[in-house]
Structure formats: C-alpha cells, structure tokens
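J.: Okay, here's the structure, questions in a sec.
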C-alpha cells in the first residue's frame, strides 16, 4: 500500500486526525449560520479553546477535562460576540473580526507561562482485538475519542437539522427572523443558543490542536484553521456531510504535503505548504458552483441583526 | 346576530407607544361564528389591537374576556392554545422551507411530517384550497402562499380566525375562493375577525363592523345595510370627494413602447415579454396585475435602469431605449418606483438631498457643476408644502418620515418637475385615504396639463378611478390596453388570471 514512500493506510488514518479541529469548528459555525448569524470570530474562539483547554488539561492532568475547558473557553468568547450582536445589535462582520483579534491577543497573554510544557496524553479508544484487523483496524479503530465524536456530530447535526423540530426552528430563524418572530419564536434567544454552541465546538476544535495535534502551546497555534472552517461552511452549502468532505480533503492534503516534504519531493516547500488551502478552496468552489441552488441555499437572514420593532 | 353567544369581548383596551397612543379605550365583542370587520385607515390601530388578541403585544390597560373567562395571552403560543389563529398581512412564511415545514412551525404540537402532509391534503381539499405539502414556498404564487397560512390556522381548529388585510395580493377570482372558504368556516361556528379597508369586501362578507380612527372606536355599523360611502366617511371622519376629472383632449403620443423584451435583473424576477403600448398627452394608462408579474421590471425598463434597443422605448417620438435615467429625465420622463426606502429615496439623506437626486436635471439645481443648495432647499420645501408632507423640516432624513409621508414627498418631487411622461408604481401604497385622494388628484391634474401618465398599481379600484385605459401585466406580458369605460370586474379578473383566449372569446 505504499506509493512514493507514503503509506496509504497511515495517510487515511492521519487525515482523520488532522481534520478534527476544522471539522468541529465548521460544524459549530454551520449551526450558527443556519440560525442566521455570521460569526467571523471562529479563529479567535478556536485559539481561546486551545489555550483554555491546554491550561485545564495541564492543571488537572485530565485530557477530558481539558476538552471541556476548551469548549467552555470558546463558548465564553462567543457569548461576548452574542452580547454585542444580539443585545447591542452591533455589526456582525466587524464584531466577528474583532473577536478573532481579541482571541489571538488574549490567548497569547494567557499562554505566557505554558510554553514548552507537555500536556497529558489523549489515548486511543481501547478497541482490543479490533485494532488488529488489517487496514480497517488502523483506519477505523485506532483513534482517540474526539475523532469519533466529530464524526458522530456530523450525523447528529445532519439529523437534527433535517428531521427534528429544533432543527426546523433553527432553520426558520435563519430564513426569516420577522416571520419567526410573528409566530412567537424568541429569535434572539435561539440565536444566542446557536452562537454558544458554535463557540463550544470551535473551542473544542482548538483544544484538539493544542492537546493532540501539536501537542504543546505556541502563540498563534491554530494557524488560520478557523478561516478554513468558515470557508468550508460556505462552500459546503451549509450541509454537514459536505463539511465533512471539505474537512477531510483539507486534512488529507495537509498530511500528504507533510509526507511529501519528508520524502524530499522536488516541489518547493512553499508550494506544498500552501496546497491544502488552495486545493480545498478550489474543490469546494467547483462543488458549489454551476448548480445555482447552492448559492441559494444560504440562510436568507444571514448576517442581519434582528430587533423586535412590533 | 345578537343571539350568538359572545366568544371574545375586548373591554377598554389601551396601548401606548412612546409618542403615539395606538389604542385608547377600545371595546368590542365578537360572537361565535360571527364575521366581524375591523375597519380603519392605516395607523388607526387595527394591527396593534389584533396583535394584543394574538399575544404578540401586551395591553397597558383593559381586559379581554374569552367565553366568560379572563383572557390575557402572554405569547402567541398561549393564544393558539386558547383557539385564536392569525393570518398575517405580510406573510409569515419561510421561502426556503416547504409547505409542510411552514405549517409545522405555526403549530404547537405538530404530528410527524408524513401525517402532517396527509392532514394538509385533507384540509386543503375540504375547503377547496388545493395545495401540495412538499412544494417550496418560494415557488408558490401569492394566492397559494396565503392558502398555506390559512391551512396552518385551520389545522389547529381555531375558534377565532384573525385575518389582517388578506385580499391585497389576490386576483378577484382568488378573493371569491377565499370568501367561500371563510363563509364555510363561519357556518361551522368559527368566528372571523376581518381587517380591511376595502369596503365592498366587508359589505359582502361581514356580519358586523367596528370602525377605528386614530386608536379609538368611532362607531359600529351593519355592513349589510350601510353603503360603502357611509362606511368610508365614518372611517376617515370627513366627507370624501372623489377625484375630479377635467375634460381632457387626447394629444400626440408622448410615450411609445413596442415589442419590449428585457431579462429581469431581479432574482426570481419576471422578464418582460413583447410589451407594447402607447400613451398620449392627457391620458392615464392603468396597469394592473398580481405582484411579481413584471411590474418592477416594467418600471425599470421605462425609467432607464434597464437598457433596451433604442427604438423600443420612445419619448415624444425620440428613440430612448438605450439611454439611461438621466437622459430620459432630460427628455421629460419622470419615474417613481414602488420601494420608497432605498429605491425612490436614499434613506439616510435629508429631504433636500433627496429632492436634488432626481430634481437636479429638470429643475436646474446645479450651478457650474456645484449644487445650488438654496434652489434645492427651496424646491424641497415647495414639494413639502404642496403635498402636505408632515415633517419637522426639509433637513430630516428620509428614513425618519412615516411611509405615507415619504410617499407623498416622493410622488410630489416627481410630479413637480413639469414632466411630459410620468411613470408611477403603486402611487398610494400605505397612504391614508385622504392623502391617497390628494395624490390621485395631483396625477389627474398633471394629465390635464398634458402629461402622459402610466400608473402601475395592485389596487384595482384606484386604477378604475383614474385611468382612461387599462391593461394587465401577466407573467411579463401586457394585455392590449382597453378603455376603462364598460370594463367589468369579472373581465379584469380574467385578464389577471392569464386566460387571454377566454377574454378575447368573451369580447369579440
């Protein structure tokens, strides 16, 4: 299964890991945007999750608590966004951008004393003999719990948005807040919940970067993953399954280009490093173009603040 | 109707907003199965009143009694649980969701989607309102969308159905279907609270009427025995004078449109297809049609916002089809689009600046390339005075004016430019009856002075009142214009419904 010195099985197994941060963040943002809110602060919430998760995990010695801490950190930052946009009716684009800058700065400050420390290890889920199945065991049964959690969230969100009343209400609020208000739904409260959920998911994604992917704390550790998550949501036409494809594509090319670098490829390192971003965007643009419906799939009230004027 | 048991009694309801008293000591009652009309002009407080009954707004004072028990819904949910359902004036529908999902959103405990779809089919057949539960609401016509709203209400077995201006978007035939449904409901014991300012409808449908003016109940009437004129005067509180028509001579053709086909620039818009007509000096051409059949596109094509081959649009015999709005204004054509905030006026600019935006060319408001502010302010103030625009001054932002006042300003600004050709979309939309009469009179006066006028409107009564000739836009096609005299509402309905062949067979 080796091609050009790269083992395919290992590649697939590691792309699933590499995709987890952006997948989690993209799923969170997908729900936020479905509810009609454009939160551009994903990068900021991710890096807050990364540092909060790191501090909690180092402090308590428990990776699980670390992830919860990361989710909490992202959620707290997202509530700042929620307060500004849903209560004070600030512009969502400007607030989201400010949130990212704020998150980058604050995380750097909080992380001052955590450089060079190793976090506790997040182990693989013990599947026992299942791990020894050739190929499948390595790809499916060798991961830590967050990888399974991220895939489960894809299925869960797809089902919730498509088939449940909660999902219907979230979509309705994002489609027309005026109509939803007229029917008696609390638009801003529902959006607040969606924003908090998005923050928690982004925070968890960030924690995965600092606790598993890297694993240590460095300034700016998320390196633009939040922006990729945002792009994936749009080009995935707000569909969870497509977000999964987008995230795995990005993860796959990230891993592949690292392997190519290690294998001493003739392509200059700069091109390899930029390739995941370029190819992911390109493929998703092609996927979402030429259908007409994809562009129309955007929630109609996306980015608009709602104030009940009566 | 007095022997009907009282379903809902409203007693001394008062609701004030900062600066306005929306309802002052309002009392009335509805019996079970009664069709009760709430009659009043824009801003009379009808909508606030029904929002309180539906639980969207809480009254400051007063109380409501439902079948003898106190009724104070905290939210629409509580109102729905009691048995109150409401069909909104501006549809409360979600375009990107399908019919069944839209219905489910308006219900307290919707059944699973499959059962719901079957129920929707059953109810829609029972009441003669055919509807496919799996269709996207965005693809439905205005009449079908209203069916979605009505069926959403009917599935909850309401005891009281509130309808806020339900017929403003319907063709006459659709109105007939709606009325049949409402009569059937009323016969089954559902009370209906019917809000409208269309008097003929109220006379044909309602058992009783409560008339509101400036938030107060000014009277009750029996619509079956009162004349439309009596009702209108009670509603306005003044004697209404219908617009006066001066004897007019038809002059030369000032606006000629032939074989005009343009693609719509609006998403989900309707492209114009082979539109042809002419309007002569002193003549008013009325163009009717259900919203979304090419009205906006026709205005854009006439005002110059969409270009066409040059000989397709002629102003005073000069080919102008490829010219922009500025050159068409210079040639004598003024246009007033429907959307006041954002299209007809720049919301955050003052009335003076807005006056300049369209008046600059014809009124000569520039000097050596600079704005002549004194002349512009003078022009804005003349418009404000002549059209009775209620505003603290010409310096306020367009956004700060109420819809009706801004409409008066926008129309006045165009009509004051000594135009040869006037194109107006929805001239009296959202304007109260007295102001509407003034605007119609101004349009007729311009025509009498020799202007050619095109009025696009969804208000049939308005068109029949001021037009000399009448045509209908349907799917982007214009029917051949016909003289208004001798035209019956039935014929107009057929023209609007798209049954071109039938209409010809009817008439030749």
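The values are calculated or read from the model by the stated rules, or taken from the named source; none is laboratory data. These numbers come from a predicted model, not from an experiment. Cβ: placed from backbone, ideal geometry, glycine included. Neighbour counts: every protein chain shown.
J.: Let me spell it out: the conditions are (1) within 14 Å of another protein chain (Cβ to nearest Cβ); (2) assigned to a helix (DSSP H, G or I); (3) in contact (Cβ under 8 Å) with a residue 40 or more places away in the chain, and residue A:238 meets all of them except one. Which number is the exception?
T.: It is condition (2) that residue A:238 fails.
J.: So which of B:106, B:143 ends up being closer than 19 Å to residue B:171 by Cβ and touching a helix residue (DSSP H, G or I) at 6+ places or on another chain (Cβ under 7 Å)?
T.: Answer to the selection: B:143.
J.: Considering only residues of region B:130-143 that are at pLDDT 80 or above and either more than 27 Å from residue A:297 (Cβ to Cβ) or assigned to a helix (DSSP H, G or I) (or both), which is farthest from the chain's Cα centre (by Cα)?
T.: Step by step, filter region B:130-143, then rank; the result is B:130.
J.: When you look at residue B:138, is it buried (at least 16 other Cβ atoms within 10 Å of the Cβ) and either touching a strand residue (DSSP E or B) at 6+ places or on another chain (Cβ under 9 Å) or within 13 Å of chain A (Cβ to nearest Cβ) (or both), yes or no?
T.: Considered against the rule, which asks whether it is buried (at least 16 other Cβ atoms within 10 Å of the Cβ) and either touching a strand residue (DSSP E or B) at 6+ places or on another chain (Cβ under 9 Å) or within 13 Å of chain A (Cβ to nearest Cβ) (or both), residue B:138 comes out as yes.
J.: Give region A:165-178 a look and list any residue that's free of Cβ contacts under 8 Å to residues at least 60 places away in the same chain, more than 10 Å from chain B (Cβ to nearest Cβ) and farther than 14 Å from residue A:193 by Cβ, or say none.
T.: Across region A:165-178, there are no qualifying residues.
J.: Got a sec? Which of A:207, A:247, A:202 is within 15 Å of residue A:282 (Cα to Cα) and away from every other protein chain (no Cβ under 14 Å)?
T.: Being within 15 Å of residue A:282 (Cα to Cα) and away from every other protein chain (no Cβ under 14 Å) holds for just one of A:207, A:247, A:202, which is A:247.
J.: If you don't mind, there's one more thing I want to ask. Which residue out of A:137, A:103, A:96 is assigned to a helix (DSSP H, G or I) and either exposed (fewer than 12 other Cβ atoms within 10 Å of the Cβ) or at pLDDT below 90 (or both)?
T.: That would be A:137, the only listed residue that is assigned to a helix (DSSP H, G or I) and either exposed (fewer than 12 other Cβ atoms within 10 Å of the Cβ) or at pLDDT below 90 (or both).
J.: For region B:104-130, give me each residue that is surrounded by 21 or more Cβ atoms within 10 Å (Cβ to Cβ) and facing another protein chain (nearest Cβ under 10 Å).
T.: Once the filter is applied, which keeps residues that are surrounded by 21 or more Cβ atoms within 10 Å (Cβ to Cβ) and facing another protein chain (nearest Cβ under 10 Å), region B:104-130 yields B:104, B:105, B:106.
J.: Where in region B:1-103 are the strands (runs of 3 or more DSSP E), entirely inside, with at least 3 residues that are within 14 Å of chain A (Cβ to nearest Cβ) and farther than 29 Å from residue B:291 by Cβ?
T.: B:6-17
J.: Right, residue B:327: part of a helix (DSSP H, G or I), within 24 Å of residue B:281 (Cβ to Cβ) and free of Cβ contacts under 8 Å to residues at least 24 places away in the same chain or not?
T.: yes
J.: Quick one: is residue B:93 out of contact with any strand residue (DSSP E or B) (no Cβ under 6 Å at 6 or more places or on another chain) and in contact (Cβ under 8 Å) with a residue 12 or more places away in the chain?
T.: Considered against the rule, which asks whether it is out of contact with any strand residue (DSSP E or B) (no Cβ under 6 Å at 6 or more places or on another chain) and in contact (Cβ under 8 Å) with a residue 12 or more places away in the chain, residue B:93 comes out as yes.
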